[in-house]
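Enquirer: Have a look at this one before I ask anything.
Every read-out reported here was derived from the displayed coordinates using simple, explicitly stated rules and does not represent laboratory data. Fair warning: this is a prediction, and the values are worked out from it, not measured in the lab. Counting neighbours? That spans all protein chains shown, and the Cβs are built from the backbone with ideal geometry, glycine included.
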Amino acid sequence: MEREDVLKEIDRRIKRLEAEIEIVEERLRYLEELGAPSKYRALRRKDYSVYYILLMGVWILVGFFVLLAIRDRLPAGFKLPLLPYAILAFIIVVVPLAYYLLSSGREEKSPMDELEERERTARLVLSLFYRPFRDAVERNDRKALEGLAGEILENPLLAEAIEKTNEGDPKKIAYALYLYANYKPELEDEVRTTAEVLRNKAVKGLLSTLLKD
């Protein structure tokens, strides 16, 4: 593959991401027109479950102290079992509270949230990866390509966005860019091996420009 072909493939990916952003923006506008909350005005219903659980715990604790207070006043020979009560109180309070704390971090995303996430990831890949990538390939700026490889490895948001938009494995992409930027003839076999495992066609094409026929 020639460098011009690599640029064409990059342009194709850029247009695809731009089209996806445009589609998402249209859907967001449509949802807002229907009365769906925008990302600046979204009001989430507050969950009071934890307060009910804590109130139940206080109520059970008060009952436990009441039982302790009346235990000494009971007739001789009559025993009040406190251990079963304590175990029951533990199950009633601690188990629901633990479930609430574990499930609260797994809040389901609304359709609006999912669309906004798609738009954000597409914009990240477009602005921080493909546009700098295209500029570096066009100028054959190997130092810029090495810098881009470092950005992918050091920016977890960008790496995650590359994965979510199905542009390939960010670590493999970064390694391929670094390999291209520091290529020497003795690295030809490594370039071939790396190119075989790449899913990103633009980066794969760039590496192939280094290979002999």
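Enquirer: Give the residues of segment 173-189 that are of a type in the set (S, T, N, Q) and in contact with a Phe, Trp or Tyr (Cβ under 9 Å, 6 or more places away or on another chain), sorted by residue number.
Expert: Step one: list which residues in segment 173-189 are of a type in the set (S, T, N, Q), which gives 182.
Listed by number, the list is empty, since nothing qualifies.
Enquirer: Select, from 176, 202, the only residue that is touching a Leu at 6+ places or on another chain (Cβ under 8 Å) and in contact (Cβ under 8 Å) with a residue 24 or more places away in the chain.
Expert: Working: 202 fails: touching a Leu at 6+ places or on another chain (Cβ under 8 Å).
Selected residue: 176, the only one of 176, 202 that is touching a Leu at 6+ places or on another chain (Cβ under 8 Å) and in contact (Cβ under 8 Å) with a residue 24 or more places away in the chain.
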